[in-house]
Amino acid sequence: MKLNLPLFLILLFNISLSFAQKDIKIQGKVLEEGTNIPLEYATITLKSTEDNKVVTGGITDTEGKFTVEVSPGTYNIYVEYISYVTKEYLNKTLSESIDLGTVSLALDVASLDEVTIVAEKTTVEIKLDKKVYNIGKDLTTAGGTVSDALNNVPSVAVDVEGAISLRGNENVRILINGKPSAMAGFGDSNILSQLPAEAIERVEVITSPSARYDAEGTAGILNIILRQKETLGFNGSLNFTLGNPDNVGVSAALNFRTEKFNIFSNIGWRYFDAPRNSFNDITYFDQIEDGVVEEPEFRRIREDQEVERLNRNYNANIGMEYFLDDTSSLTGSLFYRLGSDADISLNNSERFNDNTIVEETLRREKETEKDNRYQISLNYVKQFGDDSDHKLTADFQFENSSEEGFTFLNERYLFTDQTDPEAFQIEQETTTEDQNEYLLQADYVLPLGEGSRFEAGFRSTLQNEVTDYTLEQENLDNGSLEINDIYTNVFDYDQNVNAIYSQYGSKFGKFSFLFGLRLEHTQLKGKIDSRLTDEELVEAFGFPIDTDFDNNYLGLFPTLNLIYNLNGSDSDNEESITLGYNRRINRPRGWFINPFPSRSSRTNVFQGNPNLEPAFSNTFDLGYLKRWEKFTLTTSVYYQHEDDSFERIQENTGQQTTDGIDIIRTIPINLSTNKRTGAELGFLYNPAKWLRLNSSFNFFQFETEGDFNGVDYSAKNTSWFARFSSKVTLPWSIDWQTNARYRGARQDAQSDTDGILSIDLAFSKEILKNKGTLSLNVRDLLNSRKRQSTTTTDFFTRYNESQWRQRQINLSFIYRFNQQNNKRNRSDRGNGGDEDFDFEG
């Protein structure tokens, strides 16, 4: 039987209306007693007088106003705001709409200390399409970065090179305030390792994204919500950091808010040294060509590399929200980042034959990079009528990123058994990248009675990136530098995505659902300006290179999310089951699709694949939440089937360097399938005011099937990662926090990687009458966060050990001013992000 989708939606609409016979309205206004300041996000709760179960509720707006709809009956009404005395209206019989007038709440002075503790603890909220982690006061990330903070979020892992994964899958979409952003590096997550962690308010882990989200990211979405809006008046905080290895940072978060507008800003400067090191031990095998055994020039090569990385960057995010009237507002913001990096690398290489060293060289590499990027954003919100959920939002964003990189490479012999060895060429690489992105988006939300909502919208993202790469090499005859025509090129790349979507959600008693459909058109277009003809390119590289391509894809992406509240909305004993399905896409990035080879060293070449097609996945997720007074348990199992999944494979190009070392090519390809199955378990436990514990465990298995150029790259792997965090309040109001993480061993088609253990330790104390916080933390206490892997192909085996960042010790001081009310401010606003369906578990 075929499903008539329009008829199905009409039936759902009619059913939802039959459950929406609530025509009694309760309204009023909540103010702070004595000051008459409106209390935004105060909660109004209606409970049944029979069993004291929550029936419905609402929150106040920026003016402290609220409106709640409910069926006729008798209720207990509670008006609450954290750290204020609750106002109660008991046994209130409602037969018609009423106005409670002005509700004045007085400060509960006796509870302020206790509330501060509650406000700091990590909490989790389960919504129809996401998990929201309010990361609380994470001491281990004081003076750290956004990447450090993400590494403490359940289901999320950040590896030793800064790559972010969700449930072990690195194809995760990073959003800032619900949108792609220059702050997330145009998809390059490395920039997150340079933004301060203090800017984060909360992190949304979206493993089953609804149709409102871009379909990019087969693993799901991480939506980072930044701190933005505070209480009335001028307030803010200053942050100072000093660390070893060199880490000096100063940042400020300043806010000025009136009834008519809100000005917000986050400004920071940071200088740091992030030394890294790596070790490679490569053994080459004999090759058989036409029945003849060919021995490698060197049987074994050992490389030991040490890199000093000096980084300086400035970040600024400044914006203003202006309330045009009671129903509309306009927000504009500017993000700017200026970065300057300088890396010096020394690579010692020892070459062996018959277990005897025959040659030793030292390669010195100096790399500088300047990064200049900015983003301009405009957001318009229009509310229709008294229902705050009935609204239209429109967004415009323009982003620009300009990078200039320069690399100087010089290698010399320390020892050789050659009689008259040929000298190494001095090399210079110059790379300039200029990237522009336009985003235009509109979303319309229409409430359909109590607990039902329809939403529709569109998003257009137009992105252009131009990469100009020049390689200059020394002419050994006259010492001059000459352009290498083979590698020098200009790559002009466009990625344009246009999408429309609609979704419908409703709630029937304990059951809620959200169904959506998204249609996306993707264009991946590239053109290469090379100094060589097509025939010369084939002769130079041994394979054809497509210098002008235009690939278009049309995809339909359904989503379905269900939630069943076993105990209704009783927050004291909450229990729910969730089920989600979604179809996602993994679009190849520009450097994955650029067919022109680029070199990471003289012996390693990376070549993109213009024939690389997007990968599509179907994911099912079943989750369970149980919340007690002091303990919260979350579990889920998931399955993902991905077609045409990406895999980077390594091949011998058949070419050699001037000193006889094989040149290895890495290329991404579409393998046939990737099946991923996993389960995760997490808990939050607060047995006492002085002790808070949380932990998570994620187990997953993936199976890859496929072959390329006659080589079978099928693999099956089981891996896991776990984290544990404890926070203890010691005497003299000193907080002690310990975070431990372990990532289990894993395998792919060609590599085996060992497990990694890391431990972070932190202490903090409130000073200056609780206006200041002094923190001391040590990240990677055991200096054990190192990746160790073994790669095996049919022509070599390689052992690699690398440490992206050494143990870090930071001393941080935060000073807050005019924030005495912020500890009781529990704003849950989206900060320009996507709105939530209010069907929480």
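The values are calculated or read from the model by the stated rules, or taken from the named source; none is laboratory data. Treat the numbers as computed from the prediction; the structure is a model and nothing was measured. When we count neighbours, we look across all protein chains shown, and the Cβ atoms used for this are built from the backbone with ideal geometry, even at glycine.
General observations
- Single unsatisfied condition, Ala219 versus (1) buried (at least 21 other Cβ atoms within 10 Å of the Cβ); (2) at pLDDT below 85; (3) more than 23 Å from the chain's Cα centre (by Cα): (3)
- Top-ranked residue in the stretch 313-331 [being surrounded by 15 or more Cβ atoms within 10 Å (Cβ to Cβ) and within 23 Å of the chain's Cα centre (by Cα); ranked as farthest from Phe298 (Cα to Cα)]: Gly319
- When restricted to residues that are outside any strand (DSSP E or B), closer than 26 Å to Glu259 by Cα and not aromatic (Phe, Trp, Tyr), the stretch 39-51 contains 3.
- Of all residues making up the stretch 37-66, the number that are more than 19 Å from Thr86 (Cβ to Cβ) and either among the hydrophobic types (A, V, I, L, M, F, W, C) or more than 36 Å from the chain's Cα centre (by Cα) (or both): 2
- Asn618 within 30 Å of Ile486 (Cα to Cα) and surrounded by fewer than 21 Cβ atoms within 10 Å (Cβ to Cβ): no
- Residue match in the stretch 802-824 (condition: closer than 30 Å to Lys130 by Cα, touching a helix residue (DSSP H, G or I) at 6+ places or on another chain (Cβ under 7 Å) and at pLDDT below 90): yes
- Within the stretch 607-641, considering residues that are modelled with pLDDT of 90 or more and among the polar types (S, T, N, Q), the one nearest to Asn594 (Cα to Cα): Ser617
- Evaluated against (1) farther than 26 Å from Arg587 by Cα; (2) in contact (Cβ under 8 Å) with a residue 12 or more places away in the chain; (3) in contact with a strand residue (DSSP E or B) (Cβ under 7 Å, 6 or more places away or on another chain), Val497 falls short on exactly one condition, (1).
Yes/no per residue for (1) within 26 Å of the chain's Cα centre (by Cα); (2) assigned by TED's automatic domain parsing to the domain that holds Thr361; (3) buried (at least 19 other Cβ atoms within 10 Å of the Cβ); (4) part of a strand (DSSP E or B):
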site: Thr407; (1), (2), (3), (4): no, yes, no, yes
site: Tyr413; (1), (2), (3), (4): no, yes, no, yes
site: Asp420; (1), (2), (3), (4): no, yes, no, no
site: Phe424; (1), (2), (3), (4): no, yes, yes, no
site: Glu429; (1), (2), (3), (4): no, yes, yes, yes
site: Gln435; (1), (2), (3), (4): yes, yes, yes, yes
site: Gln441; (1), (2), (3), (4): yes, yes, yes, yes
site: Phe454; (1), (2), (3), (4): no, yes, no, yes
site: Ser460; (1), (2), (3), (4): yes, yes, no, yes
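- Scanning the stretch 52-68 for residues that are in a strand (DSSP E or B) and modelled with pLDDT under 85 returns Val54, Val55, Thr56, Gly57, Gly58, Ile59.
- Within the stretch 481-537, the set of residues being in contact with a helix residue (DSSP H, G or I) (Cβ under 8 Å, 6 or more places away or on another chain), closer than 16 Å to Pro597 by Cβ, in a strand (DSSP E or B) and not aromatic (Phe, Trp, Tyr) comprises Gly526, Ser530.
- Residue check for Asn347: at pLDDT below 90 and either crowded, with 18+ Cβ neighbours inside 10 Å or outside the structural domain of Thr258 (by TED's automatic domain parsing) (or both): no
- With respect to (1) farther than 24 Å from Tyr799 by Cα; (2) touching a strand residue (DSSP E or B) at 6+ places or on another chain (Cβ under 7 Å); (3) at pLDDT below 90, the lone exception for Val292 is condition (2).
- Qualifying position, being at pLDDT 60 or above and in contact with a helix residue (DSSP H, G or I) (Cβ under 7 Å, 6 or more places away or on another chain), among Val158, Val172: Val158
- Residues of the stretch 759-773 that are touching a residue at least 40 places away in the same chain (Cβ under 8 Å) and in a strand (DSSP E or B): Asp760, Leu761, Ala762, Phe763, Ser764, Gly772, Thr773.
- Enumeration of residues in the stretch 258-311 that are outside any strand (DSSP E or B) and without any contact (Cβ under 8 Å) to a residue 40 or more places away in the chain: Thr258, Asp286, Asp290, Gly291, Glu295
- In the stretch 697-717, residue modelled with the lowest pLDDT [restricted to those that are under 19 Å from Thr619 (Cα atoms) and within 24 Å of the chain's Cα centre (by Cα)]: Phe702
- Members of the stretch 740-788 that are crowded, with 18+ Cβ neighbours inside 10 Å, aliphatic (A, V, I, L, M) and within 15 Å of Ser802 (Cα to Cα): Ile756
- Cβ separations smaller than 6 Å between residues 6+ apart or across chains give the following pairs from the stretch 480-492 residues that are in the same structural domain as Ser530 (by TED's automatic domain parsing) and touching a residue at least 12 places away in the same chain (Cβ under 8 Å) to residues that are assigned to a loop (DSSP other than H, G, I, E, B) and of a type in the set (S, T, N, Q): Phe491/Asn594.
- Residue in the stretch 386-394 that is farther than 30 Å from Thr67 by Cα and either of a type in the set (Ser, Thr, Tyr) or modelled with pLDDT under 90 (or both) present: no
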